[in-house]
Structures are given as structure tokens and as C-alpha cells.
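**Student:** The structure that follows is given in the form of C-alpha cells.
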Amino acid sequence: MAPTGDDHYHPKDATHEGLYHGMVFGGLGLFFAAVRNSLAKKNVGPWTTFTKNGGIIATFAAAGGAFEFTRCASANLREKDDYWNHAIGGFVAGATVGLRTGRMPRIIGYGAFTAVALAAYEFTGGTLKGYLNRPEVDEYERKEMLRKNRRRPIEETIAEIGEGRGIKPPGYEERRRERIKEKYGIEIKTVSADPDAA
């Protein structure tokens with residue numbers, strides 16, 4: 001998030017953040033390695049999570065730690081907290097994932113793809129709701145504005161779908177009585193719910 005108004009940049013501890021996120025993503029990698037181990041066709045023991053699928057754990061930990069360390073270090077050097085830091089960190093994280101392949105085009109490709117994806121995500125507000133959803137705008141007022149903006153006049157709705165089926169515009173009962181009298185020859189008298197009415 002970019003600083004607003006007179007706020008100035010506060011440096012981050014890149015080493016601490018990198019190690020912390022490395023451990024968090026390492027735990028996520030351990031989860032994926034355990035799932036992959038449990039889906040093995042052969043009967044394997046629990047230690048193959050680390051021996052056979054340990055590369056998954058290492059890749060997750062390295063990519064998560066590299067991303068956060070690079071993002072914080074870039075923010076400290078630039079003294080700005082914006083989407084460019086996510087792009088730089090995303091490139092390093094993607095390149096770290098691409099290192100497992102050992103091919104330079106894949107390393108650069110993974111890095112570029114991750115950089116673009118993370119920078120676009122941060123540029124659009126850092127949420128999946130999108131760029132237009134601003135925290136300073138009251139959600140209730142925004143939804144009321146959308147309702148009023150998309151509200152259609154009742155006359156237009158009636159013209160398209162017609163009367164009846166719960167849609168009763170002014171004068172509906174009189175028109176209904178006339179249609180029934182024309183079609184069936186039955187005259188319907190008005191009934192009042194008021195017991196004192198004559």
C-alpha cells in the first residue's frame with residue numbers, strides 16, 4: 001500500500017520478514033509434500049515426506065522467504081511501499097521456483113510471470129474485489145448508489161412483462177374487473193376489508 005498524505009516511509013526488517021515467511025511457506029510446502037506422500041501408489045512411510053518430497057518443502061520455503069526478503073529490501077532501498085516492490089520480489093520468487101528446472105528460459109519465464117501477477121494483484125488494491133473498492137467509501141452508501149443507478153421505472157417493467165403475478169400498478173383492480181367482464185361476462189363487485197363500510 002502506498003503511503004497517504006504526509007505519512008513517510010517506515011523501514012522494515014527484511015531479514016526477520018524473510019525468515020518468518022520462509023518458515024510459513026515451508027510449513028505450507030510440508031503440507032503439500034505430506035498430501036503428495038499420502039497419495040503415493042506404493043505403501044510408503046511417513047519419512048518419505050522429507051526424503052522423496054523434500055524438494056517441495058525447500059522450494060516453498062525458499063520462494064516465500066526470497067519474495068518477502070526482496071520485497072522488504074526493495075522497499076527499504078526505494079523508501080516507497082508500492083506495487084513495484086511486489087514485482088521485484090515476485091521476480092525473485094518465481095526465479096527461485098524456476099531454479100529446480102535448471103534451465104535459464106524457465107527461470108526467467110517463471111520470474112516474469114510471477115512478477116507480473118503479483119504486481120497486478122497489488123496494483124488493483126491487494127484484494128480480489130478489485131481496484132474500485134476503496135476503504136474510505138462507506139459500503140452501505142456505495143451499494144445504495146448502485147441500487148439507485150440500476151433502478152428501472154415501474155412503467156418500463158410493466159410494459160415489458162405485463163401486469164399480474166404480483167405486479168399490481170395503480171388501477172390494476174379496475175382493469176382486471178373489466179377484462180373478466182369482457183372475457184367471461186362476470187361482474188365482480190368490490191369488497192372492502194373494513195367491517196364498518198357499507
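A short reminder: the numbers here are calculations on the coordinates, not readings from a lab. Remember, predicted model here, so these are calculated numbers, not experimental data. Glycine also receives a Cβ, built like all others from the backbone with ideal geometry; neighbour counts cover every protein chain displayed.
**Student:** Tally Lys/Arg at +1 and Asp/Glu at -1 over every other residue whose Cβ is under 15 Å from the Cβ of Gly54; what's the total?
**Tutor:** On the way: positive: Arg36, Lys52, Arg100; negative: none.
With Lys, Arg at +1 and Asp, Glu at -1, the neighbours total +3.
**Student:** Can you give the helix-only mean residue ellipticity at 222 nm for the chain, where every DSSP H stretch with n ≥ 4 adds -39500 (n - 2.57) and the sum goes over all residues, rounded to the nearest 500 deg cm²/dmol?
**Tutor:** Taken over the chain, the calculation gives -20500 deg cm²/dmol.
**Student:** Another one. If packing is taken as the mean number of other Cβ atoms within 10 Å per residue, what is the order of 13-19, 79-85, 170-176, highest first?
**Tutor:** Result, highest mean Cβ count within 10 Å first: 79-85, 13-19, 170-176.
**Student:** At a 10 angstrom cut-off on C-beta neighbours, averaged per residue, how do the peptides 62-71, 145-154 rank from highest to lowest?
**Tutor:** The peptides rank, most packed first, as 62-71, 145-154.
**Student:** Picking from Ile108, Ile88, Ile180, which is most flexible by a Gaussian network model of the chain using Cα springs under 10 Å?
**Tutor:** Maximum among the listed residues: Ile180.
**Student:** Taking a cut-off of 20 Å between Cα atoms, list the lysines near Lys41, but don't count ones fewer than 8 places away on the same chain.
**Tutor:** Lys52
**Student:** On a 0 to 90 degree scale, rounded to 10, what angle separates helix 14-38 from the longest Cα axis of the chain?
**Tutor:** It works out to around 80 degrees.
**Student:** Helix 139-150: angle to the longest alpha-carbon principal axis of the chain, degrees 0 to 90, nearest 10?
**Tutor:** Between the helix axis and the principal axis of the chain, the angle is about 50 degrees.
**Student:** Mind telling me which of Glu122, Glu144, Glu178 comes out most flexible in a GNM of the chain, alpha-carbon contacts under 10 Å?
**Tutor:** Largest GNM mean-square fluctuation: Glu178.
**Student:** Answer with a single label: of [x] 7, 25, 27, 22, 14, 4, 0; [y] 8, 18, 19, 13, 9, 9, 9, 10, 5, 0; [z] 9, 36, 41, 14, 0, which was calculated as P(r) over Cα pairs in 10 Å bins from 0, in percent from the structure in view?
**Tutor:** [y]
**Student:** Counting other beta carbons within 10 Å of each residue's own, what order do Thr157, Thr59 fall into, fewest first? Provide the component values of the computation, followed by the final result.
**Tutor:** Values: Thr157 12, Thr59 20.
If I rank by nearby Cβ atoms, fewest first, I get Thr157, Thr59.
**Student:** How do Met23, Met104 rank when sorted from fewest to most other Cβ atoms within 10 Å of their own Cβ?
**Tutor:** Ordered by Cβ neighbours within 10 Å, fewest first: Met104, Met23.
**Student:** For the chain, with a Gaussian network of springs between Cα atoms less than 10 Å apart, report the residue from Phe91, Phe25, Phe50 with the top mean-square fluctuation.
**Tutor:** Phe50
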